[in-house]
Every structure is written in structure tokens, then in C-alpha cells.
Amino acid sequence: MNEELSCFKAYDIRGRVPDQLNEDISYRIGRAYAEFLKPKTVVVGFDIRLSSQALCAALTRGLTDAGVDVINIGQCGTEEIYFATSHLQTDGGIVVTASHNPADYNGMKFVREASKPISGDTGLNKIRQLAEENNFAEINEPGAISFADIQAAYVNHLLAYVEIKKLKPLKIVCNAGNGGAGQTIDAIQQFLPVEFVKIHHEPDGNFPNGVPNPLLEENRQPTIDAIVEHGADLGIAWDGDFDRCFFFDEAGRFIEGYYIVGLLAQSFISKEPGAKIVHDPRLTWNTREIVEQGGGEAVLCKTGHAFIKERMRSEDAIYGGEMSAHHYFRDFFYCDSGMVPWLLVLGLMSASDKKLSELVDERMQAYPASGEINRRIEEPAALLDKIEKEYTSKANSVDHTDGLSVEFDDWRFNIRMSNTEPVVRLNVEARGDSFLMEERTRELLAYMD
């Protein structure tokens, strides 16, 4: 009987250390990845968690025992593995990370050649099966291990997204949450006319200030306080592996990721009229209007990084954005980055001579949104079915791209089951009427409480 590995999820690997993920399982994952993909060379790296280095070493043993050559880039963010896989032209890449999960968790994210994601329907399930079977062929010659420093090339790539000479000397609060973003800020700051106010900056897998997840309201206050105290122009906070970044305006107000998607979409469409922009179904009206007004094409796609990346490649979209603060870029190998967005926002603030609040206020008023509301539900499918029966008879449109999206003349909502947690997620938006949005949100939440 094969051991079931509960650390395999829809898009990646996440589990508690050591009961769900440990060095033995990491070794088997390395062997399984090699057997599935049959790569010659794979690049690996690890985040700042206390268990990451040991898990990465075990993963590396699994790869080399399968005859794969491994290039180790050391401590890094998830996007640095995406970058290194394409930059070094390897056959695949693996980062050991659990992003914003609790401190006793760890995990892995996989890509294949050209930084293409490997998820449930593109190989992750097969890797799981092979790791569970734990029956690997003997290899005559083990692979070699080498080390590479890709930071300078990575920073140069990031700087290509902005015209440095046109940037204004802004003051920015940056909160790495004791995750990995701090070392990239330290590497990039010398090239920018920017004063960084650094808080929770040092990488520390003990997470002395809590696990870095700025989506949680209780984690935002230190950034807000620092913006106010230092009179900063902008605040940026990241999750642990910094593939997501979160924005605060000059007053310390948290800006929902939805409006940043619209802002970045506008920026790309202005440079490349007619370009395609991929977006998720949770909140859509603002993005669609901005893209269509700019002469672009808005492409709806199911939520989740693997779906967005695949759709962006098939459509050759210039940019993709999710309201959860994942931003994807054609020039970044169709991958998500937590560093590119804030550089683009600096460029927009400098070019327009506007504060962040001035760049988003009009859109926030035009399309007020609830933000994502999560509830643990015993029977989520039954709940969605009940809400669909209740609301769709008078709706203008009903869409099942991801969960249930229902549109009326002046408001719409999306409700969906999470791919990663036992929760139901609700998003509501309205046309220019925050009272209507709040009223409809309360109405839907009554079904969920």
C-alpha cells in the first residue's frame, strides 16, 4: 500500500513539517519530478523558512540520484526560480517555499522548461503518484551539483521595466515581513532615486512579527504606521516568497489588488494598443472598462496561477492580473512577480506627477467592491446551488468560469469554492454606489452565516 502524500495541492506542495513534508518526502519528490520530466538540468532555490535549506538539500539528492544536474541559486524568492529557469535555460526549476502559510509549514513550486508551470492537470498528479509509489529505477551515474548567483541578472531584468532617469525621488515604506523581499530591495536600491524606509526587513524564518501575509488586516498596521510617521509617498508589503506585493497610498490606506490590476492594465494598453489583458472572474467591471476604453481586449480566465499563465501564453497577452495581488507579465516569461508591479507604479506616479490615491480614487468610486470575504462552509456546493437558484432568474448574465458569477444592471457578484482551503469566497461590486454594494454583500452573507 502506497503512502498517501497530503502535501500535494492543486497547484503546488504545502504541508506541515515534519509530519506532512520532510526530508524523506522531499527526496522522493526529487526522484519523482526527475522521472516525470526527464530533465538534464534543474535549478533549485529556497525561501527563508528554517526548514527550507534541509528540504532543498534532500530534494537535490533526489534529483542527482536520478542523474539530473542541479544548479542551486541559494535563498531566493519564487520569481527568482522563474527567472533563473529561463535565464539559465534549464529544463526545469523548483523552489522550496510555503509563501504565507504558518511558520511550521513548507512546500514547493515547480516549473518546467521556459518557466511553464506544473500543476494538477499538467503533471503534478503524476509526480505525486510516483512519489507515493517510491519505486525508482537505479541510475548508473548521479548528477552534479553547481551553484549560481543570478541576482545581478535578475535585478537588471527588473530595472528594464522602468525608465530610471524619469523616476521622481519618492519615499517608500517597504515591509518584507521578515521574508525574502528585503535582499532584493537591498540589491536594487542603489539604482533608484528612491528613499526606502525598511521595516521587518531582515529575513527571519522565526517570523518575529507574524507570518508575512498582508491580505490579513492585522498584518497591515506596521506598514500604515510607518507611512504616517515618515510622511512616505507609498507603502509596499510582500508575502514571504514575494511573488505578491500589496500597496498602501500616502495616507496609509490599503489599496485592494483589484484596482492595481486596472492601473497596470491601463499602463500596458497605453504602450501597446490592442494588446490582450487576462483577468480573473472575481471582480471584473473596472478592468474590462479600462481595457476596452484603451482599445485592448479583456480576456476572462479561471482563478489560479497555472490557469492564468496558460491562458496568457495561448493569447500572447501582455499582462495578467488577479485581485489577490498576483501580477503576470509577458516579458517575465508569462510568470507572476512581486517586484515588477511596484516598479511600474513608481513609473506611473512619476510620469503623471500624481499620488497613488489620485491614480486609483476615481476607479474605486466608479466600481466600489467588497474585497474578498471568506467563510468556512460545511456544504459549499449546496450553498452555491441555493444562491444560483435564488439570484439567476432576474440576472443579465450567469457565468461558471470559476464558481458562480452573476451580473445585474448595477451590481454583480462572484462566489466560489477555494482551490486551496475549505472555504467559500465572495466578491461583490457595484456601479458607482457603495451603499448598494454593501447592502447586496450583507444580503449574500446571510446565506453564508
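The values are calculated or read from the model by the stated rules, or taken from the named source; none is laboratory data. Everything numeric here is computed off the predicted structure, so don't read it as measured data. Every residue, glycine as well, gets a Cβ built from its backbone with ideal geometry; the counts of neighbours run over all protein chains shown.
Identify, please: which residue in segment 315-333 is of a type in the set (Asp, Glu) and assigned to a helix (DSSP H, G or I) and is, among those, farthest from the chain's Cα centre (by Cα)? Among them, the one singled out is 315. Kindly indicate the residue of segment 286-321 that is touching an Asp or Glu at 6+ places or on another chain (Cβ under 8 Å) and among the polar types (S, T, N, Q) and also farthest from residue 257 (Cα to Cα) among those meeting that condition. The qualifying residue farthest from residue 257 (Cα to Cα) is 303.
Considering segment 247-281, and only residues there that are over 16 Å from residue 370 (Cβ atoms) and of a type in the set (Asp, Glu), the residue that is surrounded by the fewest Cβ atoms within 10 Å (Cβ to Cβ) turns out to be 272.
Name the strands (runs of 3 or more DSSP E) wholly within segment 99-181 that hold at least 2 residues that are in contact with a His (Cβ under 8 Å, 6 or more places away or on another chain)? It would help to see each step written out before you state the result.
Working: elements: 105-112, 145-147, 171-175.
Qualifying strands (runs of 3 or more DSSP E): 171-175.
Restricting the first member to segment 107-122 and to residues that are within 17 Å of residue 40 (Cβ to Cβ) and in contact (Cβ under 8 Å) with a residue 12 or more places away in the chain, and the second to residues that are surrounded by fewer than 20 Cβ atoms within 10 Å (Cβ to Cβ) and acidic (Asp, Glu), the beta-carbon pairs closer than 6 Å and six or more apart or on different chains are 113/91.
Assess whether residue 389 counts as being more than 18 Å from residue 323 (Cα to Cα) and at pLDDT below 95. The answer is no for residue 389.
Of all residues in segment 387-414, those that are at positive phi have Cβ atoms under 8 Å from Cβ atoms of residues that are in a strand (DSSP E or B) and modelled with pLDDT under 95, 6 or more apart or on another chain, in 403/417. Being farther than 28 Å from residue 117 by Cα and in contact with a strand residue (DSSP E or B) (Cβ under 6 Å, 6 or more places away or on another chain) holds for only one residue in 356, 346, and it is 356.
Would segment 199-221 turn up any residue that is in a loop (DSSP other than H, G, I, E, B), β-branched (Val, Ile, Thr) and outside the structural domain of residue 344 (by TED's automatic domain parsing)? So that I can check it myself, show each step before the final result.
Going residue by residue through segment 199-221, those that are in a loop (DSSP other than H, G, I, E, B) are 200-216, 220.
Checking which are β-branched (Val, Ile, Thr) leaves us with 211.
Those still in the list that are outside the structural domain of residue 344 (by TED's automatic domain parsing) too: 211.
Scanning segment 199-221 turns up at least one residue that is in a loop (DSSP other than H, G, I, E, B), β-branched (Val, Ile, Thr) and outside the structural domain of residue 344 (by TED's automatic domain parsing).
Can you find a residue in segment 46-57 that is more than 24 Å from residue 326 (Cα to Cα), of a type outside the set (A, V, I, L, M, F, W, C) and out of contact with any His (no Cβ under 9 Å at 6 or more places or on another chain)? Yes, the conditions are met somewhere in segment 46-57.
Would you call residue 86 in contact with a Ser or Thr (Cβ under 9 Å, 6 or more places away or on another chain), farther than 17 Å from residue 131 by Cα, in a loop (DSSP other than H, G, I, E, B) and not acidic (Asp, Glu)?
So residue 86 fails the test.
One residue stands out among those in segment 356-376 that are more than 25 Å from the chain's Cα centre (by Cα) and touching a residue at least 12 places away in the same chain (Cβ under 8 Å): the one that is surrounded by the most Cβ atoms within 10 Å (Cβ to Cβ), which is 366.
This table checks each residue for (1) surrounded by fewer than 19 Cβ atoms within 10 Å (Cβ to Cβ); (2) closer than 27 Å to residue 343 by Cβ; (3) not acidic (Asp, Glu).
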residue: 98; (1), (2), (3): no, yes, yes
residue: 106; (1), (2), (3): no, no, yes
residue: 119; (1), (2), (3): no, no, yes
residue: 131; (1), (2), (3): no, no, yes
residue: 138; (1), (2), (3): yes, no, no
residue: 145; (1), (2), (3): yes, no, yes
